[in-house]
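The values are calculated or read from the model by the stated rules, or taken from the named source; none is laboratory data. Quick caveat: nothing in here was measured; it's all calculated off a predicted structure. Note that we place each Cβ from the backbone using ideal geometry, even for glycine, and neighbour counts take in every protein chain shown. Calculation scope for accessible area: heavy atoms of the full protein, side chains included, ligands and nucleic acids excluded. Shrake-Rupley method; radii C 1.70, N 1.55, O 1.52, S 1.80 Å.
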Amino acid sequence: MLRSVARAIGGTRTVAWRSLSTSSSLSAHKGYDVPSTTVMDFTKPQYCDRREYPLPDVPFVSNLTPEQKALRQKETGPWNQLTKEEKLALYRLSFYQSYSEMTKGSGNEWKTIVGAVLYFLAFGGVMLWWHRIYVYGPVPHTLSEDYIAKQAKRMIDMRVNPVTGFSTHWDYEKNQWK
């Protein structure tokens, strides 16, 4: 099917197929200019600023201007003759950001953290409400105050665990709690 479309578009199979398969031909056909400088060569190492990998393989600026080349030439001499601005310019030729600039936060992280905490609290509240309404049944009668009092009285009358348990806190002579 693709072969028939290619024939219908371009006539010969080879030319039409290539125009369909390469994006540069299609964009050039539509009138877009595709400069060759936008195509990245992924066979060479690329510059990246990352906290886990603070020393990239290649410098930040690879194509030097004549002023930058002169500064690089001056770098080979004694460093005490360089000004602070020149040292900073040399640093910026190799690195886009310093490590402290990479790790410095924007000051708005607290908004994300508070938002996430509030989101999970709201989600937990909705889940709790849903469980109370749809999952759990009615409260059993054994949790009523009267039933708990009757159960405690029965345990005292039966003298349940008189050495270290519940009945050790009951005074059987005065008939009250110790």
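How many Å² of accessible area per residue for the stretch 44-178, probe 1.4 Å? Mind showing how you got there, number by number?
Working: 11530 Å² over 135 residues.
Accessible surface, normalised per residue, equals 85 Å².
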For Lys87, counting only aspartates and glutamates whose alpha-carbon sits under 12 Å away and dropping same-chain residues fewer than eight positions off, the answer is Glu75
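Given a Förster distance of 35 Å, report the FRET efficiency between Ala70 and Asn108 from their Cβ-Cβ distance, rounded to the nearest 0.05. All intermediate terms of the calculation are to be shown ahead of the outcome.
Details: r = 41 Å, r/R0 = 1.17.
It comes out at approximately 0.30.
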Residue by residue through the stretch 145-150, what is 3J(HN,Hα) from phi via Karplus (6.51 cos²θ - 1.76 cosθ + 1.60, θ = phi - 60°)? Round to whole Hz and write x for glycine and proline. 4, 5, 5, 5, 5, 4
Nearby lysines by direct alpha-carbon distance to Lys178 (threshold 23 angstrom, same-chain neighbours under 8 apart not counted): Lys150, Lys153
Going through the cross-link list Lys84/Lys111; Lys74/Lys104; Lys84/Lys104, which pairs have a Cα-Cα distance over 30 Å in this structure? Lys84/Lys111; Lys74/Lys104
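What is the extension gain from Glu85 to Tyr172, computed as 0.36 nm multiplied by their sequence separation minus the C-alpha to C-alpha distance, in nm to one decimal? Mind dumping the intermediate values first?
Details: separation 87, 0.36 × 87 = 31.32 nm, distance 9.09 nm.
Result: 22.2 nm gained on full extension.
Find how much the distance from Asn63 to Leu118 grows on full extension, using 0.36 nm per residue of separation minus their present alpha carbon separation; answer in nm with one decimal.
14.9 nm
Scan the stretch 81-178 for GluC sites (Glu not before Pro) in coil per DSSP, keeping those whose Cβ has at most 12 other Cβ atoms within 10 Å, and list them by number. List each step's numbers first, then the result.
Working: sites: Glu85, Glu86, Glu101, Glu109, Glu145, Glu173; in loops: Glu173.
Passing sites in the stretch 81-178 are Glu173.
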Would you grab the residues whose amide H sits under 5 Å from the one on Trp170? Only those 5+ places off in sequence or on another chain, please, with H modelled 1.01 Å from N. Lys178
Take the Cα atoms of the stretch 48-95, find their three principal axes, and give me the spread along each one in whole Å, biggest first. 34, 22, 16
At 1.4 Å probe size, with no ligands or nucleic acids counted, give the accessible surface of Tyr99 in Å², nearest ten. 110
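At 1.4 Å probe size, put Val114, Val58 in order of accessible surface, largest to smallest.
Highest to lowest solvent-accessible surface, that is Val114, Val58.
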Hey, what does the equivalent ellipsoid look like for the stretch 132-178, semi-axes from the Cα gyration tensor as sqrt of 5 times each eigenvalue, largest first, whole Å? 31, 11, 8
Could you compute the net charge surrounding Ser98? Neighbours are other residues with a C-beta less than 15 Å from the C-beta of Ser98; K and R count +1, D and E count -1. +4
